[in-house]
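The values are calculated or read from the model by the stated rules, or taken from the named source; none is laboratory data. Note that the structure is a prediction, hence the values are computed from the model and not measured. As a convention, Cβ positions derive from the backbone with ideal geometry for all residues, glycine included, and neighbour counts pool all protein chains shown. We work out accessible area using only protein heavy atoms, side chains counted, and drop any ligands, DNA or RNA first. Shrake-Rupley method; radii C 1.70, N 1.55, O 1.52, S 1.80 Å.
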Amino acid sequence: MRHLKLLCVAVFILMPALCPAADEGYGYPVAGPYASTILGTPNQLKAELPAEIPMKRIVLDVIPDIQKPDVFFYDEGLKFTAVFQKQKAPLVFLIPGTGANDRAPRLLPIMKQLYKAGYHVIALPNPTHPNFIISGSQSHVPGDLAEDAADIYAALEKVMKEVKEDIEVSDFSIAGYSLGGTQAAFVAKLDEERKSFNFRRVLMINPAVSLHSSVSQIEALLDKIPGGPRKIRAFFNSIINKFTEFYRIGDFIGINDEFLYAVYKTHLLNQDEAGGLIALAFRISSAGMIFASDVMANGGYIVPKNRVLEKNDPLGDYFQVGVHLSFLQYFDEYFYPYFQKKRPGLTREALIETESLRSIEAYLKSSKKFGVMTNENDFILSRADLDYLRTLFGERTKVYPSGGHLGNLEYKENMAYIVDFFRFVEKQGGTTP
Amino acid sequence: MTRIFRRKCLALIILSLAVTLAGCATTTANLRPEVPAMHTIAEFSDDYDVIHAPDPWERFNRNMYRFNYNFDKYIFLPVVTGYEFITPTFVQTGVTNFFSNVGEFRTLYNSLFQAKFNKAIVTLGRFVTNTTIGIGGLFDPATSFGMERQREDFGQTLGVWGIGAGPYLVLPILGPNTVRSAGGFAVDAGIRMAVMTAIDPFENVDNGDAIEAGIFALEAIDMRHREKFRYYDSGHPFEYEIVRFISAKRLELDTMK
C-alpha cells in the first residue's frame with residue numbers, strides 16, 4: 001500500500017508542454033492547463049511548509065437522528081480536521097472542491113500555510129463529498145448553492161460550539177477552492193443575516209462562476225477521447241497500458257517522483273488524453289456523490305428504490321453505472337426534478353441561473369471582504385466567466401497567467417498571496433492587497 | 001509468557017472477527033417492494049469494467065477489508081497512536097531503520113533468486129554500511145551514499161518465475177494482496193523463522209521468548225506506523241473497488257523491476 005498515493009497521482013499524470021513557456025515575472029513552470037492541474041507544483045518551487053502540524057479529527061453528529069443504511073456503516077458523523085494555535089488567534093474555515101474531504105491533498109498545504117502564519121484552521125468536506133451527503137446534508141441532495149451553504153453554516157456553528165472551550169478566536173474568515181470557493185460566497189452571504197461569525201475576509205480560490213457551465217467544460221473533455229464519453233473503459237485501459245509499458249522498459253526503481261517527472265518529460269500523453277483523465281477523475285468523484293445521494297434520499301436513480309444495501313454487498317455495478325453518467329445527466333434527471341417538485345413552476349434555465357454567482361452578484365459587488373484568485377487558463381471557467389469575475393470583483397481579482405485549475409496552488413507566490421489576503425486589516429480607506 | 005501473549009493476540013483477533021461478522025447474519029427485512037432504478041448496468045454493457053480488477057472471492061474479501069477496518073479501529077491504531085505519543089520521533093525513525101535493515105536480507109536472497117545481481121550488490125552494500133556505520137541498522141547512511149533501497153520479496157520472485165498473480169485476496173491485518181503475493185509472504189516468513197531458529201540470538205538470555213515476542217510486536221507496530229493508509233477514510237462508497245484496482249496494478253508493476 002506504500003505506493004498507493006503515488007500510483008494514484010501517476011495514473012492521473014500527463015503531459016506535454018505544448019504551450020509556450022510561462023509569462024515572464026511569474027515563475028510557475030508548468031505550461032498547459034491540464035499538465036498543471038495533474039502535476040501541481042514541483043517540490044523545489046513549493047512554499048516551505050512544516051512537515052507535520054498538530055491536526056486533529058473532530059467527528060460530529062451535526063444532524064440528529066439520521067437513518068444511515070448499513071452500507072455506510074463506516075460513516076460515524078461529519079468529519080472535520082482542525083489545527084489550533086495555543087494562544088488567541090484569528091480562525092479560517094476551509095472548504096475543499098467537488099467530491100473532496102477534510103484531508104484532501106489540495107487542502108493540507110493551505111492548512112499548513114495558515115497554521116504557520118498564526119491562524120486556527122478548521123476544514124470540512126465539500127457538500128458533494130459522500131461524508132457530507134450522508135451526515136451533513138438536510139436533503140442529502142447536493143448541488144444547490146443556497147441549501148449547501150445553509151448545511152455548511154450549520155456544521156460550522158456546531159463545530160465552533162464543540163471547540164469553544166479549547167480555543168480563543170479573535171475573528172473569523174473563510175476560504176474555499178474550486179466549487180468550495182463558490183460555496184464560500186454563499187456561506188458569507190448567509191452570515192450577513194445570521195451573524196454567527198461576521199466573516200472578516202472571504203477568499204475564493206479558482207472558483208466556478210456557474211456550476212452548470214463549469215461542469216459542462218469538464219464533461220466536454222471526454223468528448224475528445226477516442227469514441228467519446230461512452231468509451232471510457234478503452235480510453236482508461238489504453239492510458240494504463242502506456243504507463244505500464246513506459247515503466248517496464250525504463251530504468252526506474254519504483255513509482256516515485258523521478259518516474260512521474262520522466263512521464264511528463266517524454267510527453268507520454270497528449271493534451272486530449274490528459275484532459276480526458278481529469279474528466280474521468282471527476283466522474284469517479286461524481287459516481288460516489290450520486291450513489292451516496294441516491295441511497296440516502298431513496299431516489300431510485302442508480303440503486304433500485306427501497307433496496308436495502310448491507311455492509312458486505314458488492315457495489316461494483318453501481319460504480320460502473322456511476323462513472324458512465326455525466327454530471328449533466330445528474331442535473332437533468334435527478335437534481336432538476338427534485339427541485340421542481342420542491343418549487344413548482346421552476347424552469348431548468350431558472351435553476352441553472354440560481355446555481356451561479358450571478359444570483360448573488362449585488363451582494364458580491366458591494367462587499368469589500370471578498371477576494372478571488374484564479375488563473376488565465378483555468379479550464380473550469382469560460383472566457384465569459386473570467387471576464388465576469390474581473391468585472392464583478394475589479395481589483396479584488398488576482399489572475400495568474402498559468403496554473404490551470406489549482407495546479408499552482410502550492411507555488412510560493414500563490415501561498416504568500418493567500419497569507420497576505422488574510423493578514424490584511426481594513427483601515428480607513430484601505431484596499432485589498 | 002510468550003504463550004500468554006500469543007493467546008491474548010489470538011483472543012483479540014477472534015473478538016474483532018466476531019465484531020465484523022456479527023450483523024452479517026441479521027438481514028433487515030425489506031417491507032417495501034423494490035422499484036427498478038432509472039439507470040442500470042445493462043445500459044452500459046458495451047463499456048463494462050472501468051477501473052476494474054477481477055475479484056472472484058469478493059464476499060470474503062469485503063469481509064476481510066471490513067475486518068481490517070475494525071481491527072485497526074479497536075486494536076491496531078490505538079496501540080500505534082500510543083507508541084507515537086510516548087516515543088520521540090528520532091526513536092521511531094531508528095526503529096523503522098532497524099527493521100528495514102533486517103528486511104534487506106529478504107531483498108538480498110530474492111534478488112539472487114531472480115538473478116538480479118545489481119540489486120543484490122546494492123542491497124548487500126546497504127546492509128553492510130547500515131549495520132556498521134549505521135550502528136546496527138538504527139541509521140540509514142547508505143541512502144545518502146547513493147545506495148537506494150531496493151525491494152524484493154518472494155511474491156515478486158514467483159512473478160519473475162512466471163507464476164500468475166492469481167485472484168485478488170484481502171488478508172487479515174496485512175490487507176490487499178493476490179494469492180501469489182500472499183504465498184510469497186508466507187515463504188519469506190518461513191525462511192526468516194528458519195534463520196532465527198538456526199541463529200537463536202536469544203539462546204542464553206533469560207526470557208528470550210518474551211523478548212522475541214516483544215520484537216515481533218514492535219515490528220508490527222512499526223509497520224502500521226509507516227503505513228498512512230486508513231480503511232474507509234476516503235469516505236468514498238467505492239473505495240473498495242478503487243483500492244482493489246490500484247493494489248492489483250501495483251503488485252503487477254512490482255514484478256517488472
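So what is the diffusion coefficient of chain B in µm² per second by Stokes-Einstein at 4 °C and 1.567 mPa s, using a Kirkwood Rh over Cα pairs?
Working: Rh = 21.2 Å.
Diffusion coefficient, whole number: 61 µm²/s.
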Quiz item: If the viscosity is 0.890 mPa s and the temperature 25 °C, what translational diffusion coefficient in µm²/s does Stokes-Einstein give for the range A:329-378 when Rh comes from Kirkwood over Cα pairs?
Solution: 185 µm²/s
Quiz item: Would you list A:216, A:367 from the most to the least accessible area, probe 1.4 Å?
Solution: A:216, A:367
Exercise. Give me the lysines in straight-line cross-link reach of residue A:311: C-alpha distance below 19 Å, same-chain residues under 8 apart excluded.
Key: A:68, B:73
Exercise. Starting from the amide H of residue A:46, placed 1.01 Å from N in the peptide plane, find each other amide H under 5 Å away whose residue is 5 or more places distant or on another chain.
Key: none
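Find the eigenvalues of the gyration tensor of the Cα atoms of the range A:92-162, then list the square roots of 5 times those eigenvalues as equivalent ellipsoid semi-axes, largest first, in whole angstrom.
Working: eigenvalues 97, 39, 16 Å².
For the range A:92-162, the ellipsoid semi-axes come out as 22, 14, 9 Å.
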Self-check item: Excluding exposed DSSP-loop trypsin sites (Lys or Arg not before Pro) (at most 13 other C-beta within 10 Å), longest clean stretch of chain A
Solution: A:196-367
Quiz item: Could you state the principal axis extents of the C-alpha atoms in the range B:77-210, from the largest down, to the nearest angstrom?
Solution: 43, 36, 32
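Looking only at Cα atoms, what is the convex hull volume of the range A:296-433 per residue, in Å³?
Details: hull volume 26.9 nm³, N = 138.
Given the Cα convex hull of the range A:296-433, per-residue volume reads 195 Å³.
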Practice problem: State, to one decimal in nm², a quarter of the convex hull surface area for the C-alpha atoms of the range A:250-350, i.e. the direction-averaged projected area. | Solution: 10.3 nm²
Quiz item: Along its principal axes, what span do the Cα atoms of the range B:139-257 show, with the longest given first and each in whole Å?
Solution: 52, 36, 34
Exercise. State, as an integer percentage, the relative contact order of chain A based on alpha-carbon contacts under 8 Å between residues 6 or more apart.
Key: 24 percent
Practice problem: Would you kindly find the accessible area of residue B:138, with a 1.4 Å probe and non-protein molecules such as ligands, DNA and RNA excluded, rounding to the nearest 10 Å²? | Solution: 80 Å²
Quiz prompt | Subset of A:368/A:398; A:265/B:249; A:86/A:369 violating a 19 Å alpha-carbon distance limit | solution = A:265/B:249; A:86/A:369
Self-check item: Of B:67, B:201, B:133, farthest towards positive along the dipole that unit charges on Lys, Arg, Asp, Glu beta carbons give chain B
Solution: B:201
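Could you tell me what percent of the DSSP beta bridges with both partners in the range A:29-133 are antiparallel, to the nearest 5? Show your work: numbers first, answer last.
Values: 8 of 12 bridges.
Roughly 65 percent of the DSSP beta bridges within the range A:29-133 come out antiparallel.
How about the range B:165-257: which GluC sites (Glu not before Pro) there lie in a loop by DSSP and see at most 15 other Cβ atoms within 10 Å? Don't jump to the answer; show the numbers that get you there.
On the way: sites: B:203, B:212, B:219, B:227, B:239, B:241, B:252; in loops: B:203, B:227.
Sparse-neighbourhood loop GluC sites (Glu not before Pro): B:203, B:227.
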Exercise. Rank A:360, A:318, A:306 by how far each Cα sits towards the positive end of the charge dipole of the range A:303-361 (+1 on Lys, Arg Cβ; -1 on Asp, Glu Cβ) and give me just the farthest.
Key: A:306
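According to the square roots a ≥ b ≥ c of the eigenvalues of the Cα gyration tensor, what is the shape class of the range A:141-212, taking rounded for a/c under 1.5, prolate for a/b larger than b/c otherwise, and oblate for the remainder? Spell out each step's value before the answer.
Values: a/c = 2.11, a/b = 1.66, b/c = 1.27.
Here the range A:141-212 falls in the prolate category.
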Quiz item: Restricting the count to DSSP beta bridges whose residues both fall in the protein assembly as shown, what percent are antiparallel, rounded to a multiple of 5?
Solution: 40 percent
Quiz item: Using heavy-atom solvent-accessible surface (probe 1.4 Å) with all chains present, what is the largest-first order of A:324, A:267, A:212?
Solution: A:267, A:212, A:324
Quiz prompt | Gyration tensor over alpha-carbon atoms, the range A:191-334, equivalent ellipsoid semi-axes in Å | solution = 33, 25, 17
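Using the alpha carbon gyration tensor of the protein assembly as shown, what are the three equivalent-ellipsoid semi-axes (square root of 5 times each eigenvalue), largest first, in whole Å?
Details: eigenvalues 367, 176, 151 Å².
Taking √(5λ) for each eigenvalue gives 43, 30, 27 Å, largest first.
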Quiz item: Just going by the charge dipole of the protein assembly as shown, with Lys and Arg at +1 and Asp and Glu at -1 on Cβ, which of A:30, B:88, A:417 is farthest out on the positive end?
Solution: B:88
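Can you compute the charge dipole magnitude of chain B about its Cα centre, using +1 on each Lys and Arg Cβ and -1 on each Asp and Glu Cβ, nothing else charged? Give it in debye, rounded to the nearest 20. Please report the intermediate quantities before stating the final value.
Working: 25 positive and 28 negative charges, 61 e Å.
Here the size comes out at about 300 debye.
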